[in-house]
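Trainee: Below is one structure. I have some questions about it.
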Amino acid sequence: MPRPVPAADLGEALRLFAGHPSGRLLLVQAGVLGAVRAAAGPLRRQDVAVAAGVAVWWPFQEWLAHRYVLHAAPRRLGRRTVDPAVARYHRRHHADPWDLEHTMLPSWFLLPAAPVHVALWLVAMPTRRLALTGMLATTVATIAYEWTHFLTHTGYRPRRGWFRKLQRRHRLHHFKHEQRWYGFTVPFVDDLFGTAPDPSTVPTSPTVRTLGVEDHTDGASTAAA
């Protein structure tokens, strides 16, 4: 059985979330972008279209990033081993799913990602106003993901069916099989991609806590046989 975790209620979970460096960073980013976007003028149909596009794309990129980036195994390129830091960080999350410190995206990833995020929207959108809308929508989507993911790894017991389904599937991913149930905020994406089988038909994976990678203290990693 998983060990008990803190935050049995929403209030305590919110305090822990807001106290995490990444949680504070995202909340400040959302506040700044919200104020700048409000100063740029009222929302128009183009803004709604941009925000809707982010909402539609978000669960798909969530699945893709989880499957192909966070679960990426180390690769040998000549004499070097390529093992992205975000993949190593995610393996630490799988090794101890109840360690809240490694549940959220690390600040060392979010801080350098912020200017890239801004630059991409400025290049992609025809006006600065629409770029700001895209930045704000993406930040809100990130907060929604981080909050629900964080909450899933606490002792909070959801009352609503949607969140119960989300929590159950994510815990199956951590404790049943690491190659199933990659989706998160919109669980149906796993149904679409065929990664949400009947749990009773899935054997418990022996590598669910390691993702098939053996990490060594010297920093090198090797794929498990």
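Trainee: Where a ≥ b ≥ c are the square roots of the eigenvalues of the C-alpha gyration tensor, would you call the range 90-167 rounded, which needs a/c under 1.5, or, failing that, prolate if a/b is larger than b/c, or oblate?
Mentor: oblate
Trainee: To the nearest 500 deg cm²/dmol, what mean residue ellipticity at 222 nm is calculated for the chain from DSSP H runs of n ≥ 4 alone, each contributing -39,500 (n - 2.57), summed and divided by the residues?
Mentor: Calculated at 222 nm, the ellipticity per residue is -18500 deg cm²/dmol.
Trainee: Just subtract the alpha-carbon distance of Leu27 and Arg92 from 0.36 nm times their residue separation and send over the number in nm, one decimal.
Mentor: 20.9 nm
Trainee: Still on this structure: Among Pro59, Pro203, Gly41, flag the residue with its Cα farthest along the positive direction of the charge dipole of the chain, charges on Cβ as +1 for Lys/Arg and -1 for Asp/Glu.
Mentor: Gly41
Trainee: Just want the answer: with Cβ charges of +1 for Lys and Arg and -1 for Asp and Glu, which residue in His71, Met104, Thr81 is farthest toward the dipole's positive end in the range 61-138?
Mentor: Thr81
Trainee: Can you give me the distance in nm between label points at Val123 and Arg80, each placed 7 Å from the Cα along the Cα-to-Cβ direction?
Mentor: With each label point 7 Å from Cα toward Cβ, the separation is 2.2 nm.
Trainee: Treat each spin label as a single point 7 Å out from the Cα along the C-beta direction, and report the Val202 to Ala18 distance in nm.
Mentor: Computed distance between label sites Val202 and Ala18 equals 3.5 nm.
Trainee: Classify the chain from the C-alpha gyration tensor, please: rounded if a/c falls under 1.5, else prolate or oblate depending on whether a/b exceeds b/c.
Mentor: Here the chain falls in the prolate category.
Trainee: Here's another thing I want to ask about it. Along the charge dipole of the range 10-223, which of Ala30, Thr127, Leu16 sits closest to the positive end, that is, farthest toward it, with unit charges on the beta carbon of Lys, Arg, Asp and Glu (+1, +1, -1, -1)?
Mentor: Thr127
Trainee: Relative contact order, percent, of the chain when contacts are C-alpha pairs under 8 Å separated by at least 6 residues?
Mentor: 28
Trainee: Return, ordered by residue number, the residues of the range 76-100 whose backbone nitrogen is under 17 Å from a label point located 7 Å along Cα→Cβ of Leu111.
Mentor: Output list for this probe position: 85-86.
Read the figures in this text as sums done on the coordinates, not as results from a lab. Note that the coordinates shown come from a computational prediction; the quantities given were computed from them, not determined experimentally. Here Cβ is always computed from backbone atoms with ideal geometry, including for glycine, and neighbour counts include all displayed protein chains.
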